[in-house]
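Student: Can you keep this structure in mind? I'll have questions shortly.
The values are calculated or read from the model by the stated rules, or taken from the named source; none is laboratory data. Treat the numbers as computed from the prediction; the structure is a model and nothing was measured. We place every Cβ from the backbone using ideal geometry, glycine too, and count neighbours over all the protein chains shown. Areas reflect the complete protein model, heavy atoms only, side chains present, ligands, DNA and RNA absent. Shrake-Rupley method; radii C 1.70, N 1.55, O 1.52, S 1.80 Å.
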Amino acid sequence: MPALAKPTMSSDDVTTRISQIDWERISREMDDRGNAVLEDLLPPVECRDLSDLYHKNDLFRSQVVMARHGFGRGEYKYFNYPLPGLVEELRGALYPRLASVANQWNGAMGSDVRYPEKLLDFLRRCHDAGQLRPTPLLLQYGEGDYNCLHQDLYGEHVFPIQVAILLSEPSRDFTGGEFVLTEQRPRMQSRAEVVPLRQGDGVAFAVHHRPVQGKRGAYRVNLRHGVSRLRSGHRHTLGIIFHDAK
């Protein structure tokens, strides 16, 4: 099992900030829409610090130039283990709050899969199945860049919720570049939603499927996410994915 990170960047307030979020509201919004905004998750100084990591290549295991793969335009880099301390702290503190929602969703969709309370226990499950590569990432967009609608599935074990944190300030640092979700329900046209974010806000959203309550009980809907075209400037985002990759 790869060595998981011990915090190396000061992040004393992260766990406190996350504990003070109204998680009952977050749970309701996740059930209603499949996404919820975590406001003021990071202050501007931490957003800048994380954005600056993009140029420190020794922190990353791989770089993806989206145009080469038909994923859109722009690029992103996957962190290597050990993760930077603040990234590790965010991943570990957010996971248990979202695991309760994930377990409720799986129960409603008739799945027997349940997620343990602690991230480390879930990562052991991933690693035992050969999913050893970390998935938290930094994304960088410039003018004209965009991210096609997609799902972040990396192996047999998938945690059904992930978090994206906007590290740049709309209007000041960039224009355009909205976070977009689409939801396809059976025998219905797809529904699109633009989620407005400010610098330091996070959005928790469904990776793949979520349950929706219908007249005859819950049914499963399919979701994808992406980023609309940047009209100007530069945009950085931190992606927190909880399952590791093959």
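Student: Apply the Karplus curve 6.51 cos²θ - 1.76 cosθ + 1.60, θ = phi - 60°, to the phi angles in region 83-93 and return the couplings in whole Hz, x for Gly and Pro.
Tutor: 5, x, x, 5, 5, 4, 5, 4, 4, x, 7
Student: How far apart, in nm, are two points set 7 Å out from the Cα along the Cα-to-Cβ line at E29 and at N57?
Tutor: 3.9
Student: So, one more: Please name which of M188, S168, L149 has its Cα lying farthest along the dipole of the chain towards the positive end, using unit charges on Cβ (Lys, Arg +1; Asp, Glu -1) and the Cα centre as origin.
Tutor: M188
Student: Given the C-alpha centroids of region 203-246 and region 83-124, what is the distance between them in whole angstrom?
Tutor: 15
Student: Measure off 7 Å from each Cα along the Cα-to-Cβ vector at R191 and L149, then give the distance between these two points in nanometres to one decimal.
Tutor: Between R191 and L149, the label points sit 1.4 nm apart.
Student: Using a/c under 1.5 as the rounded threshold, could you call the chain rounded, prolate or oblate? The axes a ≥ b ≥ c are square roots of the C-alpha gyration tensor eigenvalues, and prolate needs a/b larger than b/c, oblate otherwise.
Tutor: Numbers: a/c = 1.42, a/b = 1.14, b/c = 1.24.
Since a/c stays below 1.5, the shape of the chain is classed as rounded.
Student: Still on this structure, please answer the following. Taking all protein chains as present, what is the carbon and sulfur share of the accessible area of the chain, in % to the nearest whole number, probe 1.4 Å?
Tutor: Working: 5510 of 11810 Å².
Within the chain, the accessible surface is 47 percent carbon and sulfur.
Student: When only the heavy atoms of the protein chains count and the probe is 1.4 Å, how do E89, E183, E169 rank by accessible area, highest first?
Tutor: Values: E89 45, E183 5, E169 25 Å².
Largest to smallest exposure gives the sequence E89, E169, E183.
Student: Per the helix-only calculation at 222 nm, which mean residue ellipticity applies to the chain, given -39500 (n - 2.57) for every DSSP H run of n ≥ 4 and division by its residues, nearest 500 deg cm²/dmol?
Tutor: Taking each H run of at least 4 residues, the total per residue is -8000 deg cm²/dmol.
Student: Could you go through region 211-216 in sequence order and give the Karplus-derived ³J(HN,Hα) for each residue, using 6.51 cos²θ - 1.76 cosθ + 1.60 with θ = phi - 60°, rounded to whole Hz, and x for Gly and Pro?
Tutor: Whole-Hz 3J(HN,Hα) from phi for region 211-216: x, 10, 7, x, 5, 10.
Student: What FRET efficiency comes out for D121 versus E178 if R0 is 30 angstrom and r is the Cβ-Cβ distance? Round to the nearest 0.05. The partial results should precede the final answer.
Tutor: On the way: r = 36 Å, r/R0 = 1.19.
Using R0 = 30 Å, I get an efficiency of 0.25.
Student: Compute the signed sum of charges (Lys and Arg +1, Asp and Glu -1) over the other residues within less than 14 Å, Cβ to Cβ, of V101.
Tutor: Numbers: positive: R25, R28, R33, R97, R114, R210; negative: D22, E24, E29, D31, D32, E117.
Summing Lys and Arg as +1 and Asp and Glu as -1 gives 0.
Student: Let me ask something else about it. Over all directions, the average projected area of the alpha-carbon convex hull for region 72-139 comes to how many nm²?
Tutor: Details: hull surface 24.3 nm².
Mean orientational projected area (region 72-139, Cα hull): 6.1 nm².
Student: With contacts defined as alpha carbon pairs under 8 Å and 6 or more residues apart, what's the relative contact order of region 136-246 in percent? Can you show the working numbers first?
Tutor: On the way: 258 pairs, mean separation 54.3, N = 111.
Relative contact order here is 49 percent.
Student: I need to check one value: relative contact order of the chain, counting alpha carbon pairs closer than 8 Å and at least 6 residues apart, in percent. List each step's numbers first, then the result.
Tutor: Numbers: 528 pairs, mean separation 68.5, N = 246.
It rounds to 28 percent for the chain.
Student: Right, here's the next one. Residue by residue through region 17-30, which ³J(HN,Hα) values in whole Hz follow from phi under the Karplus form 6.51 cos²θ - 1.76 cosθ + 1.60 (θ = phi - 60°), with glycine and proline marked x?
Tutor: Result, rounded to whole Hz: 4, 5, 5, 8, 5, 6, 6, 5, 5, 4, 4, 5, 5, 4.
Student: Right, something else. Which trypsin sites (Lys or Arg not before Pro) in region 13-121 sit in a loop by DSSP (not H, G, I, E or B) and have at most 14 other Cβ atoms within 10 Å of their own Cβ?
Tutor: Details: sites: R17, R25, R28, R33, R48, K56, R61, R68, R73, K77, R91, R97, R114, K118; in loops: K56, R114, K118.
When the trypsin sites (Lys or Arg not before Pro) of region 13-121 are filtered for loop state and at most 14 Cβ neighbours within 10 Å, K56, R114, K118 remain.
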